[in-house]
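Student: There's a structure below that I have some questions on.
No lab work stands behind these numbers, since they all come straight from the coordinates. It should be emphasised that the depicted structure is a prediction, and the values quoted were computed from it without experimental measurement. Here the Cβ positions follow ideal geometry from the backbone for every residue, glycine too, while neighbour counts run over all protein chains shown.
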Amino acid sequence: MPSISTPSKIAGTRLYTSNVIFSGSTSQEREAVVKDVIAEKGAILVPPYDHPDIILGQGTVGLEMEAQFHKHLCVHGGREAGFDAVITPIGGGGLLGGTATWFSDKAGTLVFGAEPSFQGADDARRGLLEGRRIETVKTLTIADGLRTPVGVTNWDIISDKGKLEGIYSVSEDEIKMAMRLVFERLKVVVEPSGCVGLAVVLFNKAFRDMALQRQTGLEKGYWDVGVVFSGGNTTMKAIAQLFAEEKTG
């Protein structure tokens with residue numbers, strides 16, 4: 001694990017094993033330590049995001065979301081339909097790659113990615129603009145689960161216009177505002193990384209303008225948007241520190 005991982009993530013990992021090995025914060029530093037462990041222990045690497053099986057496994061969130069949506073329509077007597085749009089966080093890209101793959105044959109559903117902009121953490125968004133995968137990311141965004149560059153396999157998916165419509169980014173303050181809303185109104189514990197999708201929907205002007213333009217032509221006059229909250233690795237102490245600097249009154 002990166003040595004700068006949040007204490008709650010480290011503690012959670014240690015519930016499963018005492019053998020936690022630390023590395024630097026960049027993907028290159030982590031990969032170097034992994035190679036050493038494999039060489040010394042004969043270990044088998046299970047990639048966190050950059051592998052077809054991982055991507056497909058994470059993509060089942062799309063299946064579950066769609067099932068929930070259709071169940072809601074049946075209960076409330078709605079029409080047979082699906083999401084107009086789905087948005088998920090992106091770090092390494094396993095979750096977004098899998099979600100985009102699931103919805104790729106659902107013609108009426110557009111898939112978007114969301115990431116923080118702080119210190120160049122929006123590598124996926126910038127990469128799409130530049131037409132290349134950005135290989136190195138070094139950022140201390142509060143969305144610590146999204147500090148990694150997009151994986152090679154995942155890049156092939158998210159750079160496919162037939163699967164992903166686009167990626168938008170948000171500021172640290174916008175992530176915090178979304179996180180506060182989730183805690184206070186939804187009563188759900190979500191880490192900063194998991195709130196970036198909602199932050200885009202609420203605060204990113206380019207996304208909101210695009211959505212307004214697209215929904216204007218719909219008979220129902222609005223978009224059904226599915227937002228993925230991914231990650232609850234936080235603690236009361238971390239939350240208190242995160243919001244301690246806010247001005248009151």
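Student: Could you order peptides 94-100, 44-50, 173-179 by the average number of other Cβ atoms within 10 Å of their residues, highest first?
Tutor: Peptide ranking by packing, descending: 94-100, 173-179, 44-50.
Student: Okay, next question. Measure nothing fancy, just the Cα-based angle from helix 52-75's long axis to the longest principal axis of the chain, in degrees from 0 to 90, nearest 10.
Tutor: For 52-75 against the chain, the angle is about 30 degrees.
Student: How big, on average over all directions, is the shadow cast by the Cα convex hull of the range 1-133, in nm²?
Tutor: Seen from a random direction, the Cα hull of the range 1-133 projects 11.2 nm² on average.
Student: Under 17 Å Cα to Cα from LYS35, which aspartates and glutamates show up? Leave out anything in the same chain fewer than 8 places away.
Tutor: Partners within reach: ASP50.
Student: Cross-link partners among lysines for LYS237, C-alpha distance below 24 Å, same-chain residues fewer than 8 apart left out?
Tutor: LYS9, LYS176, LYS187, LYS247
Student: Okay, moving on. Given a 10 angstrom Cα cut-off, can you work out which residue in VAL190, VAL20, VAL137 is the most mobile in a GNM of the chain?
Tutor: Most flexible of the set in this elastic network: VAL20.
Student: Here's something else I'd like to know. Sorted by mean Cβ packing within 10 Å, highest first, what order do the peptides 107-114, 213-220, 161-168 take?
Tutor: Top of the packing list down: 107-114, 161-168, 213-220.
Student: Give the relative contact order (percent, whole number) for the range 54-201; include only Cα pairs under 8 Å separated by 6+ residues.
Tutor: 25
Student: Just for the chain, what percent of DSSP beta bridges are antiparallel, to the closest 5?
Tutor: 0
Student: Using helices alone, what [θ] at 222 nm do you get for the chain, with -39,500 (n - 2.57) per DSSP H run of 4 or more residues, divided over all residues and rounded to the nearest 500?
Tutor: It comes out at -13500 deg cm²/dmol, rounded to the nearest 500.
Student: Regarding the range 115-225, what are the three Cα extents along the principal axes, ordered largest first, in Å?
Tutor: 41, 34, 20
Student: How far is helix 27-41 tilted off the main Cα axis of the chain, in degrees rounded to 10, range 0 to 90?
Tutor: 50
Student: While we're on this one: Suppose we take every Cα in the chain and form the convex hull; what volume per residue is that in Å³?
Tutor: Cα convex hull per residue, to the nearest whole number: 152 Å³.
Student: Mind checking which lysines have their Cα closer than 21 Å to the Cα of LYS106? Skip sequence neighbours fewer than 8 apart in that chain.
Tutor: The reachable lysines, counting only those whose Cα sits under 21 Å from LYS106, are LYS71, LYS161, LYS163, LYS220.
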